[in-house]
1. Being modelled with pLDDT of 85 or more and small (Gly, Ala, Ser): is that true of residue B:64 here?
2. Name the residues in region B:213-225 that are assigned to a helix (DSSP H, G or I), buried (at least 20 other Cβ atoms within 10 Å of the Cβ) and facing chain A (nearest Cβ under 7 Å), would you?
3. Say we look at region A:43-72 and pick out the residues that are assigned to a strand (DSSP E or B) and buried (at least 21 other Cβ atoms within 10 Å of the Cβ); which of these is farthest from the chain's Cα centre (by Cα)?
4. For region A:67-81, give me each residue that is touching a Leu at 6+ places or on another chain (Cβ under 8 Å), in contact (Cβ under 8 Å) with a residue 24 or more places away in the chain and either within 10 Å of chain B (Cβ to nearest Cβ) or among the polar types (S, T, N, Q) (or both).
5. Taking region B:1-56, which residues are out of contact with any Leu (no Cβ under 7 Å at 6 or more places or on another chain) and within 20 Å of residue B:170 (Cα to Cα)?
6. Which pairs turn up if I take residues in region A:82-101 that are in contact (Cβ under 8 Å) with a residue 40 or more places away in the chain and within 8 Å of chain B (Cβ to nearest Cβ) and look for partners that are buried (at least 23 other Cβ atoms within 10 Å of the Cβ) and in a helix (DSSP H, G or I) with beta carbon separation below 6 Å, at least 6 apart in sequence or on another chain?
7. Scan the helices (runs of 4 or more DSSP H) fully inside region B:1-107 and keep the ones with 1 or more residues being within 14 Å of chain A (Cβ to nearest Cβ).
8. In the set A:159, A:148, which member is more than 15 Å from residue A:47 (Cβ to Cβ) and more than 14 Å from the chain's Cα centre (by Cα)?
Amino acid sequence: MRGFGAEPAPPGAGGLVRLYHVSKAYQAGSWALRDVSLELSKGDLAFVTGPSGAGKSTLMRLVFAAERPSEGQILVLGSNLGRLGVSGIARLRRRIGVVFQDFKLLHGRTVEDNVGVALEVMGVPGRERNARVFAMLKRVGLSHRRHQHPLSLSGGEQQRLALARALVNDPEVLLADEPTGNLDPDLTLEIMDLIASAATRGTAVFVATHDHALVEHYGRRRLRLEGGRLIEDLRVGGR
Amino acid sequence: MSARAHVARAAGRALSGLAASPVTTGVATFTLALCLLLGGAFALLLVNMERVLAHFGQEVRVSAYLSDALTPEAHEQLAAAARQLPGVESVALVSKQAALERFRASPFGRASLLDGLDDNPLPASLEIVLAPAQRSRAGVDALVQRLGKRVGIDELGYGHEWVEGYARAVAGVRGIALALGAVLALATLLIVSNTIRLSVYARRDEIEILALVGAGRAFVATPFLLEGLLQGAAGGALALAALALGFHAATASYASGLALLLGSAQPVFFDVTQALGLVALGAALGGLGSAFAVLRART
């Protein structure tokens, strides 16, 4: 692991996520992301930082194929996203965990159903699904709330629920957009410990955040975006 | 997961979805029921109009007056031969005696006219009813041509004007039914698909989230398809119940008016197959509407 000031990590072979000269414009001439190239390997824990509007969320959305790039190529888990159809994207997403800034929970379903849906779409049989859901809810401290609905949970619990859904299928890539946005310091560390442990188990993790203290504390790699451009890609020290 | 387990889970999700949004479910089901009630009422009208037309069609007939020189056995033979002719639905042999009794009983008959006569002057006759496809002027002409060649038939009676009027009525009623039916079907499809699209739109977040966690098309669409089928079938059953109530109320209240309008043809309700067809149509409309709406929502 390198400290602050190490050289940028160059794109190479073996990455789980690779971006080659990727640009994204939502309107002609207005670039949300401009000529970004990077690679994320197994076990990487990369923090994407930058001011609001820098392109952090766009970068995340491009990696899980919610958007298509205006220019460039994106390879995720060996698949070129530009060549994937609807079914291919669905299959790829089953190998990616995403924690959304607004959680995106199914409010009409129970806590355990919200987590179980990620396994259900993969075709995991009922008994195994229930066992894995229970184990994951226990890890995030929500097993006692499994029969309740998301709206009866606090903000922090909803965030943990979103993380449980993202992690329950042992994803190869985890994307977390401001996963500790509105949490108190204790809960922030709790959530981040879970995310960091996923990276330790080999998951390639992207975390978009404004929180520099988190980067200092956990950061192994820092990607800084400004005006849609990647202006810094550093391997840094951390826990 | 096996296909059966997949369908069972989808059915469970469909029922949860229906229960989770009772107002949307109720509005969609009621709208479907209303559309099917209109369509069903129109279909019921058509079924009864076809019966009335078929009843009047029985009047498109040719009367063949038989020679008095023939024996009753020869009359029977002529009747049997007429039954074998193409385009003939039925043949009734009216004997001389039966013709006399019918004349006396007729409101136009004057029994006194026949009192001075020793013999019955009325001839025996064959009353030939044409098959439905032959109930036109051409059909009558073809039959008359064939009968005219038979020995023992003195005279043929038929009314061209009645035949032509009947054919025009049938064509007119069917044309109007086709046009109205097409307009009604189109309106029903539009209303149903828009109503279901609204109920799917109300759950677009769920569709989006399922897609984001990697759900395939079938996984997302199947519960909505099942919901649509259930809502459609429920709407069809409601429409059927309302139609049955309305039909029985109308036939009880307007019995004399209907008798005047329909003659001896009794108004009928749908038979079991037709009733089930209305429910199945509702299910199909609901299912198709849901499938299209959810696929549009995903794209």
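The values are calculated or read from the model by the stated rules, or taken from the named source; none is laboratory data. Keep in mind that this is a model prediction, so the values were computed, not measured. Please note: Cβ atoms are built from the backbone with ideal geometry, for glycine as well, and neighbour counts cover all protein chains shown.
1. Details: modelled with pLDDT of 85 or more: yes; small (Gly, Ala, Ser): yes.
It is true that residue B:64 is modelled with pLDDT of 85 or more and small (Gly, Ala, Ser).
2. Result: B:219, single match.
3. Residues of region A:43-72 that are assigned to a strand (DSSP E or B), as a first pass: A:45-49, A:71-72.
Of the ones still in play, those that are also buried (at least 21 other Cβ atoms within 10 Å of the Cβ) are A:45-49.
Working: A:45: 10, A:46: 10, A:47: 10, A:48: 10, A:49: 13 Å.
Looking at the filtered set, the residue picked out is A:49.
4. Here is the first cut: in region A:67-81, the ones touching a Leu at 6+ places or on another chain (Cβ under 8 Å) are A:68-69, A:72-77, A:79, A:81.
Filter once more, so that each one left must be in contact (Cβ under 8 Å) with a residue 24 or more places away in the chain: A:69, A:72-77.
If the condition is that a residue be touching a Leu at 6+ places or on another chain (Cβ under 8 Å), in contact (Cβ under 8 Å) with a residue 24 or more places away in the chain and either within 10 Å of chain B (Cβ to nearest Cβ) or among the polar types (S, T, N, Q) (or both), then A:73 is the only one that fits.
5. If the condition is that a residue be out of contact with any Leu (no Cβ under 7 Å at 6 or more places or on another chain) and within 20 Å of residue B:170 (Cα to Cα), then B:43, B:45, B:46, B:47, B:48, B:49, B:50, B:51, B:53, B:54, B:55, B:56 are the ones that fit.
6. A:98/A:166
7. Details: elements: B:3-20, B:22-57, B:72-83, B:96-105.
Because the criterion is at least 1 residues that are within 14 Å of chain A (Cβ to nearest Cβ), the helices (runs of 4 or more DSSP H) in region B:1-107 that meet it are B:3-20, B:22-57.
8. On the way: A:159 fails: more than 14 Å from the chain's Cα centre (by Cα).
Within the list A:159, A:148, the selection yields A:148.
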